[in-house]
Amino acid sequence: MALPAYCQVQQATDSNLSKADELKACGTADKEVNYAADTDKKTHPLGVQDADKALIYVLRPTMMGNKIQTKLAVDAEWKGVNRGNNYFFFSLAPGQHYFCSQAENRSVLVLNVEAGKTYYIQQEIRMGVMKARNDLAVMEEDKAKEKLQKLHPSTWVVK
């Protein structure tokens, strides 16, 4: 199944990452947030779709590097953090947004979102030098919903 036409994506990898895009996505170092993360294994909340906003799910459907945190920012505003087999969600205004996922590295994704639509973004994990590295990717809805059923919500407090 192909991604919908409204899901226009530009992905920046280590080799083609623009410093300007990274700054738009992740923000400056002085604005970075650190989290104390945990997993809620008792509930399984789902987001409520607002007609005037996009609903964004961020999934990390693997136990690889389980305790390593993968933080996520959108347009230089830190939104939350995942660990292994976790997810969280939030709403965004329609338009183009710059997503930043940070572990050992930073991965940037530029995504145009539409009001009333739901998007599923995966924090893909792979081995790094010191800890887990990550890549952001938009998931197909059917696959994302299947994986979401098996995940636990991430919880966190800002340190």
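Taking the residues in the stretch 120-159 that are within 22 Å of Leu46 (Cβ to Cβ) and basic (Lys, Arg) as candidates, determine which candidate is surrounded by the fewest Cβ atoms within 10 Å (Cβ to Cβ).
Among residues in the stretch 120-159 that are within 22 Å of Leu46 (Cβ to Cβ) and basic (Lys, Arg), the one surrounded by the fewest Cβ atoms within 10 Å (Cβ to Cβ) is Lys150.
Which condition number in (1) assigned to a loop (DSSP other than H, G, I, E, B); (2) in contact (Cβ under 8 Å) with a residue 60 or more places away in the chain is the one that Val129 fails?
Tallying (1) assigned to a loop (DSSP other than H, G, I, E, B); (2) in contact (Cβ under 8 Å) with a residue 60 or more places away in the chain, Val129 fails exactly one: (2).
Looking only at the stretch 40-61, count every residue that is surrounded by fewer than 17 Cβ atoms within 10 Å (Cβ to Cβ) and touching a strand residue (DSSP E or B) at 6+ places or on another chain (Cβ under 8 Å) and tell me the total. Before you say what the answer is, go through the steps one by one.
Residues of the stretch 40-61 surrounded by fewer than 17 Cβ atoms within 10 Å (Cβ to Cβ): 40-52.
If we keep only those that are touching a strand residue (DSSP E or B) at 6+ places or on another chain (Cβ under 8 Å) too, we end up with 40-41, 43-50.
Matching residues across the stretch 40-61 total 10.
Can you confirm whether Asp135 is outside any strand (DSSP E or B) and in contact (Cβ under 8 Å) with a residue 24 or more places away in the chain?
Details: outside any strand (DSSP E or B): no; in contact (Cβ under 8 Å) with a residue 24 or more places away in the chain: yes.
So Asp135 does not fit the description; no.
Search the stretch 1-16 for residues being more than 16 Å from the chain's Cα centre (by Cα) and exposed (fewer than 13 other Cβ atoms within 10 Å of the Cβ), and hand back the single one that is modelled with the highest pLDDT.
Asn16
Here are some conditions: (1) in contact with a helix residue (DSSP H, G or I) (Cβ under 9 Å, 6 or more places away or on another chain); (2) farther than 15 Å from Val33 by Cα; (3) not charged (D, E, K, R). Ala73 meets all but one. Which one does it not meet?
(2)
Only one residue in Lys117, Lys71, Lys79 is under 19 Å from His152 (Cα atoms), at pLDDT 95 or above and either surrounded by fewer than 21 Cβ atoms within 10 Å (Cβ to Cβ) or touching a Cys at 6+ places or on another chain (Cβ under 6 Å) (or both). Which one? Show your work before the answer.
Values: Lys117 fails: under 19 Å from His152 (Cα atoms); Lys71 fails: either surrounded by fewer than 21 Cβ atoms within 10 Å (Cβ to Cβ) or touching a Cys at 6+ places or on another chain (Cβ under 6 Å) (or both).
Answer to the check: Lys79.
Only residues that are surrounded by fewer than 11 Cβ atoms within 10 Å (Cβ to Cβ) and under 20 Å from Glu104 (Cβ atoms): list them for the stretch 17-39, please.
Passing the criteria: Lys19, Thr28, Ala29.
Could you identify the single residue in Ala73, Ala144 that is more than 23 Å from Asp30 (Cα to Cα), in contact (Cβ under 8 Å) with a residue 12 or more places away in the chain and small (Gly, Ala, Ser)?
On the way: Ala73 fails: more than 23 Å from Asp30 (Cα to Cα).
Of the residues listed, the single one that is more than 23 Å from Asp30 (Cα to Cα), in contact (Cβ under 8 Å) with a residue 12 or more places away in the chain and small (Gly, Ala, Ser) is Ala144.
The values are calculated or read from the model by the stated rules, or taken from the named source; none is laboratory data. Remember, it's a predicted structure, so these values are computed and weren't measured experimentally. Note that each Cβ is placed from the backbone with ideal geometry, even for glycine, and that neighbours are counted across all protein chains shown.
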